[in-house]
Amino acid sequence: MRLTTLSAAPSSPVTTRNRPSQSPQFPPSSVGARSKSVASTSHFLQPERFASLIDKSKSIKQLLQIHAALVRHGLDQHPVLTFKLQRSYSSIGRLDYSVALFNLTDNPDVYLWTAIIHSHAQYGLSEKSLIYYTQMLTQGVQPNAFTFSSVLKGCSLEDGRALHSHAIKLGFGSDMYVTTGLVDAYARGGVIISAKQMFDTMPEKSLISLTTMLTCYAKHGKLQEARLLFDEMQDKDVICWNVMIDGYAQHGLPNQSLSLFRQLLAAKIKPTEFTVLSVLSSCAQLGAVDSGRWVHSYIENNGIQINVQVGTSLVDMYCKCGSLEDARKVFDQINDKDVVAWNSMIMGYAIHGFSEEAFQLFNTMSNIGLQPTDITFIAILAACGHSGLVSEGWRFFNLMIDRYNIEPKVEHFGCMVNLLGRAGRLKEAYDLVRSMKIEPDPVLWGTLLWACRLHNNVILGEEIVQFLVSHNLASSGTYILLSNIYASAGNWDGVARVRSLMKDSGVEKEPGRSFIEVNNKVHEFVAGSLRHPKRKEIYLMLEEINSLLRANGYTSQTQMVLHDLEYDWIGF
DNA sequence: TTAGGGTTAG
């Protein structure tokens with residue numbers, strides 16, 4: 001007895017592309033029967049001929065014609081043809097037809113079961129593919145190595161473990177494809193040790209299995225291990241480079257990412273769309289606008305398509321580098337902008353204080369019927385914060401909850417606390433934090449403390465710090481902020497107390513860092529470090545700037561700097 | 001006369 005039910009006409013294609021305007025007729029019995037269709041020229045077509053027709057078909061119309069012809073020729077249960085047709089439906093995004101065909105097949109063989117499992121896994125429907133897998137077992141059909149490699153794709157860690165023992169039991173535990181799938185499953189589940197163990201059991205490693213392991217390391221920030229593997233790899237293709245470059249970009253090492261990108265170009269390997277996404281992210285992190293522009297023109301001159309993802313990356317890069325005009329130019333040229341593209345541009349305006357432009361884009365986006373996301377509201381609330389628009393902030397905060405049913409996250413509360421704090425409404429900000437149903441994070445507390453410092457509210461500052469210390473939530477930043485609060489109130493005893501408290505509890509301040517790009521080279525400065533080769537010239541120049549400033553009547557605001565625990569000589 | 005594994009933006 002089959003567990004799957006025979007479904008009526010399929011109705012939900014996987015993608016909206018190629019969707020026919022009218023309801024599809026299924027199973028097809030007369031499509032193309034009387035017309036001069038590809039499949040109706042002969043009544044005696046051999047299965048081989050049908051197989052080749054299916055392989056050549058690219059549209060749903062052609063596939064339906066062939067399917068109809070198969071029914072007429074009594075070949076609709078032919079295992080090979082059913083398999084091919086199923087795969088073709090799925091490959092053009094019609095998983096619905098694929099499933100319907102599967103349901104109409106009397107005794108699906110291991111090929112068809114594996115194909116339906118594979119199709120669902122391909123579309124990210126891994127739970128569904130696991131259901132098919134269990135149904136397959138219930139039907140008494142034995143899975144093979146192909147089945148395992150398909151069902152492992154995207155499965156959960158728990159399911160991956162179960163499938164692992166199942167694969168061993170059935171003798172597929174050392175198949176290269178199955179093992180690679182297991183490395184990937186353990187890696188996605190975050191169990192790097194198990195992934196590595198699987199990897200090590202492989203007698204032979206393919207480029208794919210090496211890349212899977214490399215991805216595991218890179219995704220989990222194990223960049224040294226990743227680099228070691230990367231350097232050992234012979235015959236690296238561009239995907240390996242992409243994984244490594246992206247690993248650096250995603251884990252705060254944008255300089256290494258750019259440096260590896262240069263090596264890729266030097267090795268005459270052609271970057272892809274994936275490559276430029278990571279590289280643009282690195283440029284954005286560094287504020288390296290010259291490198292960013294170079295990548296932009298590289299994209300334009302080397303046939304890399306500026307699709308919505310690449311376009312958004314460019315927008316983000318230009319925004320973070322402070323070049324809003326360039327960002328807007330790219331933004332306006334992106335076709336089929338999705339919400340992420342809108343969010344990036346709105347965020348760009350927000351962080352640079354152009355709240356009006358941010359609001360305008362928000363309105364345009366709403367007017368064209370695009371639903372804002374939680375990120376959109378972070379951008380909008382940040383824009384309110386930069387312009388001190390308290391009532392606008394509350395309006396958007398409530399709009400988000402009431403109209404768009406978006407639950408505020410800690411970041412939204414952070415924006416509100418920042419907004420209220422800047423406006424001096426500390427009590428309101430503190431009450432908001434205390435009323436939160438979710439746990440406030442250290443950044444949020446920091447924002448509130450920073451506002452106490454800004455408005456010299458020592459009492460509330462102390463209260464918050466006491467709360468944080470007693471709940472074991474205090475970080476070095478907490479102490480620094482409290483010290484600053486005392487300093488700005490002229491309370492030197494307080495400053496001394498915080499210093500000794502920090503010393504006693506062994507808290508160390510993370511050194512501040514800053515970057516600047518000069519002539520395509522990014523220079524990094526760490527507070528207190530004098531390692532830059534041109535430090536003498538830099539100091540001389542700083543002194544010269546200071547003299548000029550003083551000569552023009554500028555007195556620096558040393559109130560904070562003097563009483564900070566470490567003097568960040570470059571960050572000003 | 002059938003098949004499987006690796007990299008995307010806030």
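The values are calculated or read from the model by the stated rules, or taken from the named source; none is laboratory data. Computed from a predicted structure; not experimentally measured. So basically every Cβ, Gly included, is an ideal-geometry build from the backbone, and we count neighbours across all protein chains shown. When the accessible area is computed, the model is the full protein with side chains, heavy atoms only, and any ligands, DNA or RNA have been set aside. Shrake-Rupley method; radii C 1.70, N 1.55, O 1.52, S 1.80 Å.
Some points to look at:
- Å² per residue, accessible surface of the range A:148-230 at 1.4 Å: 49 Å²
- Contact order normalised by residue count of the range A:409-510, Cα under 8 Å, 6+ apart, percent: 22 percent
- R0 of 35 Å, Cβ-Cβ distance A:V339-A:A267: FRET efficiency to nearest 0.05: 0.40
- Folded to 0 to 90 degrees: helix A:426-435 orientation relative to chain A principal axis, Cα: 40 degrees
- Cross-link pairs A:K219/A:K521; A:K128/A:K270; A:K84/A:K268; A:K329/A:K521; A:K169/A:K219 - those with Cα-Cα distance over 29 Å: A:K128/A:K270; A:K84/A:K268; A:K169/A:K219
- Cβ-Cβ FRET estimate between A:Q142 and A:S435, R0 fixed at 60 Å, reported to 0.05: 0.55
- Anisotropy class of the range A:409-510 from Cα gyration tensor, a/c 1.5 cut: oblate
- Going by accessible surface with a 1.4 Å probe and the largest first, A:M176, A:M436, A:M345, A:M541 read A:M541, A:M176, A:M436, A:M345.
- Solvent-accessible area per residue in the range A:409-510 equals 52 Å², computed with a 1.4 angstrom probe and all protein chains kept.
- Summarising the label geometry, the points placed 7 Å from Cα in the beta-carbon direction at A:S52 and A:E325 lie 6.1 nm from one another.
- Rounded to 10°, Cα long-axis angle of helix A:157-169 versus longest principal axis of chain A: 40 degrees
- Rel. contact order, % - alpha carbon contacts under 8 angstrom, at least six apart, chain A: 6 percent
- Each residue was assigned an accessible area with a 1.4 Å probe, and for A:S150 the value is about 10 Å².
- When you filter the GluC sites (Glu not before Pro) in the range A:140-233 for DSSP loop state and at most 11 other Cβ atoms inside 10 Å of their Cβ, you are left with A:E204.
- Net dipole in debye of chain A [+1 Lys, Arg Cβ; -1 Asp, Glu Cβ; about Cα centre; nearest 20]: 1340 debye
- Kirkwood-Stokes translational diffusion coefficient of the range A:236-332, alpha-carbon pairs, 10 °C, 1.306 mPa s, µm²/s: 122 µm²/s
- Normalised alpha carbon radius of gyration of the range A:143-202 [divisor 2.2 N^0.38 Å]: 0.95
- Helix A:192-201 vs. chain A, principal-axis angle (Cα, 0 to 90°, nearest 10): 40 degrees
- On the beta carbon distance between A:Q197 and A:I168, with R0 = 22 Å, the FRET formula returns roughly 0.95.
- With the charge dipole of chain A set up from +1 on Lys and Arg Cβ and -1 on Asp and Glu Cβ about the Cα centre, the Cα lying farthest toward the positive end among the listed residues A:F230, A:V443, A:L473 is that of A:F230.
- Lysine pair count for the range A:409-510 with Cα-Cα distance under 29 Å and sequence separation of 8 or more or different chains is 5.
- Placing a pseudo-label 7 Å from each Cα along the Cα-to-Cβ vector at A:N367 and A:D332 gives an inter-label distance of 1.6 nm.
- Rg/Rh ratio calculated on Cα atoms of chain A (Kirkwood radius): 1.05
- Size descriptor for the range A:144-262, Kirkwood hydrodynamic radius: 14.6 Å (Cα pairs only, one decimal).
- Its relative contact order, with pairs defined as Cα atoms under 8 Å and 6+ residues apart, puts the range A:157-231 at 25 percent.
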